[in-house]
1. Past 31 Å, Cα to Cα, is the threshold; run K63/K295; K21/K153; K122/K278 against it and keep the listed order.
2. Please compute the alpha carbon radius of gyration of the chain, then divide it by the globular-protein estimate 2.2 N^0.38 Å. Two decimals is fine.
3. So if I place +1 on the C-beta of Lys and Arg and -1 on the C-beta of Asp and Glu, and nothing else carries charge, what would the dipole magnitude of the chain be about its Cα centre? I want it in debye, nearest 20.
4. Using DSSP to define loop residues, name the GluC sites (Glu not before Pro) in segment 89-150 whose beta-carbon has at most 15 other beta-carbon atoms within 10 Å.
5. Quick check: from the Cα gyration tensor, does segment 42-102 come out rounded (a/c under 1.5), prolate or oblate?
6. Can you sort H60, H82, H77 by 1.4 Å-probe accessible area, starting with the largest?
7. Just need the relative contact order of segment 174-309 here, percent rounded to a whole number, with Cα pairs under 8 Å and 6+ apart.
8. In debye, nearest 20: dipole of segment 177-220 around its Cα centre with unit charges on the Cβ of K, R (+) and D, E (-)?
Amino acid sequence: MLRLSPDTAYYKGKVRDVYTKGDFIFIIVSDRISAFDVVLPAPIPYKGGVLNGISTFFLHQTKDIVPNWLIDTPNSHVAFGHLAPTIPIEVIVRGYISGSMWRAYDAGERMFCGNLLPDGLKNNQKLESPIITPTTKASAGHDENTSEEEILKDGVISKTDWDLIKKYSLELFNFGSQYASTKNLILVDTKFEFGRKKDGQIILIDEILTPDSSRYFIADSYLDKFNLGETPSQLSKEFVRQWLIENNFMGQKGEMVPEMTTDWVNTISERYIELYNKLIDQPFVKESKEFNLVKIQTTYDAFCQNYYA
Ligand SMILES: Nc1ncnc2c1ncn2[C@@H]1O[C@H](COP(=O)(O)OP(=O)(O)O)[C@@H](O)[C@H]1O
Ligand SMILES: [Mg+2]
């Protein structure tokens, strides 16, 4: 736990520890892993560094397309920047039908957050063009599907702001897809969050294009596997979800999280690092969060001095 300076507010997210003060936010990306909106019992070594590294890379790469919150990433598990309270909508962009959307489609659903999908799609098939399936960002419990119609009806956000967020999200998705294709990857789907700064500006917040917020397929084997009806090789948290489902856990009341053996935890860690190394040219450098605690405190103290003098 950090020694906090006065007036710092603390929010413990599922994965991140969030400290806010004035107009700024200081985030420690922990090694915790969540699935089906539940934090699993064992932390995944280096996961925080993987997520923070990937997200930092993409926030820098896209800052000219969409303004974002990040000012600096002073060490592997920390990032800080502008505080922009969350617009409570998770904007999910999908180029392919996969994961939870496939599970619902397979059960007969055709209408997804205002997007009508044709019959006859197969699991992991490419959609005609990317679609946006927003969910409400619940402060507790599960996020719920919503639609443009409901969002505008509820007055969560104005039409002008929603149009801007949609435009930003599709541009980011296109960027991510193009970038992924240079790394023999397919960006399948991803989630963005936006916030509003005190001056009213809407900016991109949170992490982007990480394996927690996105799903990637390996590109060169995709078509063969898809045509054979096999699951494409993929890099994301989906394999953890799949393992949970096989062990009868989908985040519902009364279900028990299966035991995570050391081997399995290490496998998950390796898969995260593998994705980092596939996406980013510089190889991943392992720095454990425990080892870093002193460094994190020093960074936090400096952040407070520089930003709240
Ligand atoms: N720049 C920002 N300003 C305000 N809130 C932010 C910003 N960046 C991220 N957040 C919020 O910080 C939290 C990050 O921690 P996370 O572990 O993802 O939490 P959660 O369990 O709420 O998803 C999220 O709630 C996200 O909306
Ligand atoms: Mg989150």
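The values are calculated or read from the model by the stated rules, or taken from the named source; none is laboratory data. Given the structure is predicted, the values throughout are model-derived calculations rather than measurements. All Cβ positions, glycine included, derive from the backbone under ideal geometry; neighbour counts span all protein chains shown. Each accessible area value is taken on the protein alone, full model and side chains, heavy atoms only, with ligands, DNA and RNA left out. Shrake-Rupley method; radii C 1.70, N 1.55, O 1.52, S 1.80 Å.
1. K21/K153, as the Cα separations exceed 31 Å there.
2. Here the Cα radius of gyration is 0.99 times the empirical estimate.
3. Roughly 360 debye, rounded to the nearest 20.
4. In loop regions of segment 89-150 (DSSP not H, G, I, E or B), the sparsely surrounded GluC sites (Glu not before Pro) are E109.
5. oblate
6. So, going from the largest accessible area down, we get H60, H82, H77.
7. After rounding, I find 16 percent.
8. 160
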